[in-house]
Amino acid sequence: MSPTAADIARAYALTRQTTIRTPLIEVAAFAEASGAARVFVKAESLQKAGSFKIRGATWRLAQLTEVERKQGVIAFSSGNFAQGLAAAGKAAGVPVTIVMPGDAPEVKRRATEGYGARVVLSHHGDRPREEVASALARHLAGEQGLTLLHPFDDPAVVAGQAGVAVEALEQMAELGQAPDLVAAPTGGGGLIAGMALATRAALPGAEIWAVEPEGFDGMGRSLTAAAIGRVAPGAQSLCDALQATAPGAAPFAAAQAAGVRGCAVGDTAVRRAMIAAFEQLKLVLEPSGAAAIAALLSGQLPVKGRTVLLVASGGNIAFETFVALTRAAPEDGRTQ
């Protein structure tokens, strides 16, 4: 079941009290490079815990019973939901356990532990890492009496993530603007689903785009097929936070109802977008956080003459990794 407009309003009323009203930045260079009339970037990389994920985590924890709060929760995540949930749990006094793939970025594991969460590593070998981590989380939940929280396939999480769009649309309205096109990085779909519901309610004519990594474009393929499908195994991507093998049922239903469209970006475009975000916005983005900017600058979004809203969804990346990835980007195609 998709969250209602009332659900989204209640979620935002609560989460706005404990989260940051992240900057909305207009980027003239992005408009010039893409042919858009105006381009605005919502800098969720500057959110608490480094990404938008704390919004949905905060609202989901608010739905727990007192018994569930005392016993604690468990979730699986490669890092951003882990950090968001850990930070939200610390603030709410709820014990948090995270099952994290063993090959997840160390900086994300350390940060999750820094918020007081217990991290259990899963080892997936040749199997999809999300599935292995999810199975271990389910096992531990039953064994230890913990409430299992899903990082994206949960209407409450979707409602919480919708706050990104609610807030961005408020900020644009303060400038006398409204987007014709909205695009956000997409993994399992919690963010794009929440944004789609909030945007469609406010702006029935706006286009909404889910941007995924090549090889992990499960949402886009599922929307085209009008049914949830899985991506083929064996793909690789720099976007470690967007490697869902299929969209969640709740996000897919919301995205489908809102008429979301999908596109996929490659690693080269993502590297260039990370550089462009650093040079033009002074933002340090992880690869996943730069996906929507990559779609804009690589010409995959129909933005000519339109006002565009993009989400820079996360900035959880080690300095050494950021330097290595951006140094490896080809020089051509960079935005000056």
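Every number in this text was worked out from the coordinates using simple rules, so none of it is lab data. What you are looking at is a predicted structure, and each value in this text was computed from that prediction instead of being measured. A quick note on method: Cβ atoms are made from the backbone with ideal geometry, for glycine too, and the neighbour counts reach across all protein chains shown.
Once amide H atoms are built 1.01 Å from N in the peptide plane, which residues 5 or more positions from Val119, or in another chain, come under 5 Å H to H?
The list, which skips near neighbours in sequence, is Ile98.
Using a Cα-Cα cut-off of under 30 Å, which lysines could be cross-linked to Lys42, ignoring same-chain neighbours fewer than 8 residues away?
Lys53, Lys90, Lys108, Lys282, Lys304
Report which label in (i) 0.91; (ii) 1.00; (iii) 1.21 holds the value of Cα Rg over 2.2 N^0.38 Å derived from the coordinates of this structure.
Recomputing Cα Rg over 2.2 N^0.38 Å here gives the entry labelled (i).
Which distance in nm do the two modelled labels at Ala6 and Ala62 give, with both placed 7 Å along the Cα-to-Cβ direction?
Label-label distance for Ala6 and Ala62, simple model: 1.6 nm.
Based on the Kirkwood radius over alpha-carbon pairs, what value in µm²/s does the Stokes-Einstein equation return for the translational diffusion coefficient of region 53-152 at 4 °C and 1.567 mPa s?
Numbers: Rh = 13.0 Å.
Translational diffusion coefficient: 99 µm²/s.
Not counting the cut sites, what is the longest span of the chain without trypsin sites (Lys or Arg not before Pro) that DSSP labels loop and that have at most 16 other Cβ atoms within 10 Å? If you can, show how the numbers build up before the last one.
Details: sites that count: Arg16, Arg21, Arg230, Lys282, Lys304, Arg334.
Formally, the longest exposed-site-free interval is 22-229.
Given only helices, namely DSSP H runs of n ≥ 4 each adding -39500 (n - 2.57), what is the per-residue ellipticity at 222 nm of the chain, to the nearest 500 deg cm²/dmol? Could you put the intermediate results ahead of the total?
Values: 15 runs with 151 residues, N = 336.
So the helix-based figure for the chain works out to -13000 deg cm²/dmol.
With the crude spin-label approximation of a point 7 Å out along Cα→Cβ, what separation in nm comes out for Ala92 versus Leu46?
It works out to 2.7 nm between the two label points.
Run the dipole for the chain about the Cα centre, Lys and Arg Cβ at +1, Asp and Glu Cβ at -1, nothing else charged, and hand back the magnitude in debye, nearest 20.
Values: 30 positive and 30 negative charges, 101 e Å.
Using only the charged Cβ atoms, the result is roughly 480 debye.
Which whole-number percent gives the relative contact order of region 53-152, counting Cα pairs below 8 Å spaced six or more residues apart? Spell out each step's value before the answer.
Values: 176 pairs, mean separation 31.7, N = 100.
After rounding, I find 32 percent.
Could you check the spin-label model distance between Leu121 and Ala249? Points 7 Å from the Cα along Cα→Cβ, value in nm.
Modelled inter-label distance: 3.4 nm.
If you stretched the chain out fully between Ala328 and Gln236, how much longer would it get, using 0.36 nm times the residue separation minus the C-alpha to C-alpha distance?
On the way: separation 92, 0.36 × 92 = 33.12 nm, distance 1.66 nm.
So the extension gain works out to 31.5 nm.
Could you tell me which residue out of Gln171, Gly188, Ser77 lies farthest along the dipole of the chain toward its positive end? Charges go on the beta carbon: Lys and Arg +1, Asp and Glu -1, centred on the Cα centre.
Gln171
Can you tell me the length gained on complete extension of the stretch Glu26 to Phe319, counting 0.36 nm per residue apart and subtracting the Cα distance?
On the way: separation 293, 0.36 × 293 = 105.48 nm, distance 2.55 nm.
Length difference between fully extended and current span is 102.9 nm.
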